[in-house]
Amino acid sequence: MDLLKEILEHLQHGDDEKVTALTKKALEEKIQPKDILDKGLIAGMNIIGEKYKAHEIFLPDVLLAAKAMYAGMDLLKPLFIQEGIPTIGKVIIGSVHGDLHDIGKNLVGIMLKGAGFEVINLGNNVTPEKFIETAQQENAAVIGMSALLTTTMPVMKRVVDLLKEKGLSGRIKIIIGGAPVSEEFAQEIGADAYGYDSVNAVETVTRLMSKSR
Amino acid sequence: MKDLLKRLKNGEIFIADGAMGTMLMACGLKPGDVPESFNLTQPEILEKIASLYLDAGAEIIQTNTFGASPLKLSFYSLDGKTEEINRNAVLAVRKVVGERAYISASCGPSGRLLKPYGDTEPEDVYSSFERQLKTLIHSGVDIICIETMTDLTEATLAIKAAKTVSPPTPVMATMTFDPTPRGFYTVMGINIEQAAKGLETAGADIIGSNCGNGIENMIKIAIEFRQKSRLPLIIQSNAGLPVIKRNTTVYPETPEFMAEKAKELVSIGVSIIGGCCGTTPEHIRALCEMVDRRIGKNR
């Protein structure tokens, strides 16, 4: 148990080398991979998320912690080959067509992964068709879209409309975010939810998933 | 042109121009288009925007080169055209303003995250700024404006590149802050005290803030900058956070509102007042009239 606590601590300091070494050690000591994931890596990222939300830490700290989380996850991945990394749900994320900003969206991806979701990050400049095709292929419950430009925001509505045309509304939920995006805009275009920051996005996706079950 | 820094020292107040991005959109820039692509294809639009701001009374006009560092342009595979893009932007503004206004070279973030939290080497960011700044300075700009920075390390690299390429050219450096319960911070976690000290140490001549969350927050930011630094200050506020009304973007702060609030910036001792996202030539006109009335300046 102390080992997991150490992983959690070093992850928060963004020390990927220590997290790698400790994860290896934990595996040697026959600690269950699922425990290392939940009580070490994910628990550490949860604290990072809370601190970020409280403005106690900032983007660089989150990015460094995420690096440490990925370092640990890379070691665990091969051990979950049969069942895959345990996940509480699958989310497709991307910046909408025409938008090349991706720091905010990547941060949402990090926080979702850190909360135990499987995340498929389509990158930036993603077309409406691509969002929906991927969500169908991957059987994802939620699509998360980001826009940083007021000019690319209307693309979000096209995704909502296309989902409706295909009769998938309700089965695949849509959450949107980004600097110019608001709760009102989400309602106006018929998106299921708005996430005002990366931590709130995780809370909202969790809520959307529990509703769809 | 008369020495800007000397004039600032004598207490002169200058009005800079307003937004570029939202003006380009009004002139036909489409979603997903690279704003700097107009420098190659339609420099006459840059001339038009410069002349609108000049007519409104702006004495400092920016170039359309915010994203014209080769690192940023490489996102769109346009880095090979760095020199052409930067040169055309300066020439377009000079053609319009002649010696009637200072030309300020806009120089925005590289769009990369530095090591260790990102994957980009500081040397690569430095040489990217250096390449952009060389062309801007050789094309005849009067001022360098390193703006919208959130990472103090990146801002420092840009300032150092500017001062290395041309030591006498005045450098303005601005960062963008968000209000948090613990005060103003950039997304990278830099507060105003750190920004003021860091930008000055790096060699900036004029420091301050741009973009942000509207003029009222900018007043608070300016007060804090004034407490932490004795350098001349620049404030370029956006017209509030955009709201969407029937699929179009509206910036809530009117020219009258902004000019009324900006009186406080003058009282605080801000030397250069301009606009960012959502501000228009009308905002600049209102700011000019406010300053003229306040200090009895004749144009």
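The values are calculated or read from the model by the stated rules, or taken from the named source; none is laboratory data. Given the structure is predicted, the values throughout are model-derived calculations rather than measurements. Cβ atoms come from the backbone with ideal geometry, glycine included; neighbour counts cover every protein chain shown.
For the residues A:A140, A:A135, the requirement of being in a loop (DSSP other than H, G, I, E, B) and either modelled with pLDDT under 90 or more than 14 Å from chain B (Cβ to nearest Cβ) (or both) singles out A:A140. Here A:K67 does not qualify as of a type in the set (K, R), more than 9 Å from chain B (Cβ to nearest Cβ), part of a helix (DSSP H, G or I) and free of Cβ contacts under 8 Å to residues at least 60 places away in the same chain. Is there a residue in region A:191-202 that is at pLDDT 90 or above, in contact with a Gly (Cβ under 9 Å, 6 or more places away or on another chain) and among the β-branched types (V, I, T)? Yes, region A:191-202 has at least one match. Applying a threshold of 6 Å to beta carbon distances and a minimum spacing of six or more residues, or different chains, the list of pairs starting in region A:10-31 at a residue that is at positive phi and ending at one that is surrounded by 18 or more Cβ atoms within 10 Å (Cβ to Cβ) reads A:G14/A:L64; A:G14/A:A65; A:G14/A:A68. Of the residues in region A:164-186, none is acidic (D, E), more than 12 Å from every other protein chain (Cβ to nearest Cβ) and assigned to a loop (DSSP other than H, G, I, E, B).
Exactly one residue out of B:S106, B:S166, B:S127 is farther than 27 Å from A:Y196 by Cβ, among the hydroxyl-bearing types (S, T, Y) and in contact (Cβ under 8 Å) with a residue 60 or more places away in the chain, and it is B:S106. Within region B:191-213, being within 14 Å of chain A (Cβ to nearest Cβ), in contact with a helix residue (DSSP H, G or I) (Cβ under 9 Å, 6 or more places away or on another chain) and not in a helix (DSSP H, G or I) holds for B:N191, B:G212. Answer with yes or no whether B:Y117 is of a type in the set (F, W, Y) and assigned to a loop (DSSP other than H, G, I, E, B). Spelling it out, B:Y117 is indeed of a type in the set (F, W, Y) and assigned to a loop (DSSP other than H, G, I, E, B). Before we move on, is A:P78 within 14 Å of chain B (Cβ to nearest Cβ), without any contact (Cβ under 8 Å) to a residue 24 or more places away in the chain and part of a helix (DSSP H, G or I)? No. Mind listing just one residue for me: the one in region A:81-116 that is among the aliphatic types (A, V, I, L, M) and assigned to a strand (DSSP E or B) and, of those, nearest to the other protein chains (Cβ to nearest Cβ)? Ranking the candidates gives A:V96 first. The residues on offer are B:M218, B:M188, and the sole one that is out of contact with any His (no Cβ under 7 Å at 6 or more places or on another chain), aliphatic (A, V, I, L, M) and within 14 Å of chain A (Cβ to nearest Cβ) is B:M188. Candidates B:P170, B:P181: the one that is more than 23 Å from B:L113 (Cβ to Cβ), within 11 Å of chain A (Cβ to nearest Cβ), more than 13 Å from the chain's Cα centre (by Cα) and not small (G, A, S) is B:P181.
Quick one: count up the residues across region A:157-213 that are small (G, A, S) and farther than 26 Å from A:G49 by Cα. Here the count works out to 4. Put simply, of A:D61, A:D38, A:D2 the only residue that is away from chain B (no Cβ under 14 Å), surrounded by fewer than 21 Cβ atoms within 10 Å (Cβ to Cβ) and closer than 27 Å to A:G177 by Cβ is A:D38. Listed by position, the helices (runs of 4 or more DSSP H) inside region B:29-95 whose residues that are among the acidic types (D, E) number at least 1 are B:43-56.
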